[in-house]
1. Given Cβ point charges of +1 (Lys, Arg) and -1 (Asp, Glu) and nothing else, what value in debye, to the nearest 20, does the dipole of the chain about its Cα centre take?
2. Distance cut-off 31 Å, Cα to Cα: go down the list LYS111/LYS188; LYS42/LYS273; LYS7/LYS281 and report the pairs above it.
3. Using a 10 angstrom cutoff on alpha carbons, build the Gaussian network for the chain and name the most mobile of THR43, THR135, THR237.
4. Using only DSSP helix segments of four residues or longer, with each worth -39500 (n - 2.57), what per-residue ellipticity at 222 nm results for the chain after dividing by its residue count and rounding to 500?
5. Using Cα springs under 10 Å in a Gaussian network model of the chain, which residue among LEU222, LEU238, LEU145 shows the largest mean-square fluctuation?
6. How large is the accessible surface of SER267 in square angstrom, using a 1.4 angstrom probe and rounding to the nearest 10?
7. I'm spelling it out carefully: the read-out is Rg and Dmax of the Cα atoms in Å, the candidates are [x] 21.8, 65; [y] 18.8, 56; [z] 19.3, 60, and one was derived from this structure. Which label?
Amino acid sequence: WMVKMYKLTIVVENKTSAYYFFELLSEMCQSEANAISIFEYKTIWTVDAYYGEWSQAEKAALWLCSISIYKLSSWVVEQIADQDWVVLSQTALPPVYAGRFTIHGSHDRTKIGRGQNRILIDAGEAFGTAHHPTTHGCLIAIDLLTRKQNFKNIMDIGTGSGVLALALRRTMPRANILATDLDARATKVAKNNALLNNSLSLFNGRLFFAIAQGLQDKAVRLAQPFNLIVANILAVTLTRMVCDIRLALRVRGSLILSGILIAQSNSVIACYKSHGFSLCKHIQIDGWSTLIMVRR
């Protein structure tokens, strides 16, 4: 895949702000980034985002400057030499170990081998290779909850690559799992990943992927109420969805929330507590929070 590529490099002050910008560029459709990476050199952190057009990279930088809660020390856009970006992006990602799960790319298939909790996810158009702390935290939360409880009806909001839905599938093979995303491309990627991991051919249980915005979609309303909801999206969206999530979740149902900076976690916790949720566990990884809650 040899194409012209333009790199936006932003320089930030610490790891927390680096992951914050990584999250924004990964989640927000305005950025249109083809690939995103984080680097640390001594005391400097940089986030690199790759685009097919110069104007896209420049637009993303100006957008970040206008909405960010953190200051960009500097940013620059440059054209880079043609390379095979698929191979380069995939081989740069090592396996991720989170609880009982091992998430790996095709390039590590022979090293990792096969197993019930090994999930193949290649870097692609959809967010979720498990290298980001939010996805990592959700996998740990899923591991903790599914060791103690059996869930029959599950929803994964903002499924991205489908990695969390696949982890749920491995641990709850008899459950009905509805995985949704507002991005049609992400839904397609998630379905392909499910096929690659043989998660749509098992005779026990069911795994569905749907394009849906929030919980007001007809397919989501028909599947309610859920025993477990997983939502790895942005803090502001989670706060806005609290009433819909409460209505969609059974009493004593479990909830996993992520995409939350540690600095934002208290406000999200307070919001959900005021709507009848209790906090069970707060997982913190590299400046990001994953919350396990239960509806009272």
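The values are calculated or read from the model by the stated rules, or taken from the named source; none is laboratory data. For clarity, every value in this text was computed on a predicted model and none was experimentally measured. No Cβ is skipped: glycine too gets one built from the backbone with ideal geometry, and neighbour counts run over all protein chains shown. Side chains included, ligands, DNA and RNA excluded: accessible areas come from the protein's heavy atoms. Shrake-Rupley method; radii C 1.70, N 1.55, O 1.52, S 1.80 Å.
1. Values: 31 positive and 21 negative charges, 368 e Å.
Once rounded to the nearest 20, the dipole reads 1760 debye.
2. Working: LYS111/LYS188 27 Å; LYS42/LYS273 40 Å; LYS7/LYS281 38 Å.
Result: LYS42/LYS273; LYS7/LYS281 exceed 31 Å.
3. Ranking THR43, THR135, THR237 by mean-square fluctuation puts THR43 first.
4. Details: 11 runs with 107 residues, N = 296.
So the helix-based figure for the chain works out to -10500 deg cm²/dmol.
5. LEU222
6. 70 Å²
7. Read-out taken from this structure: [y].
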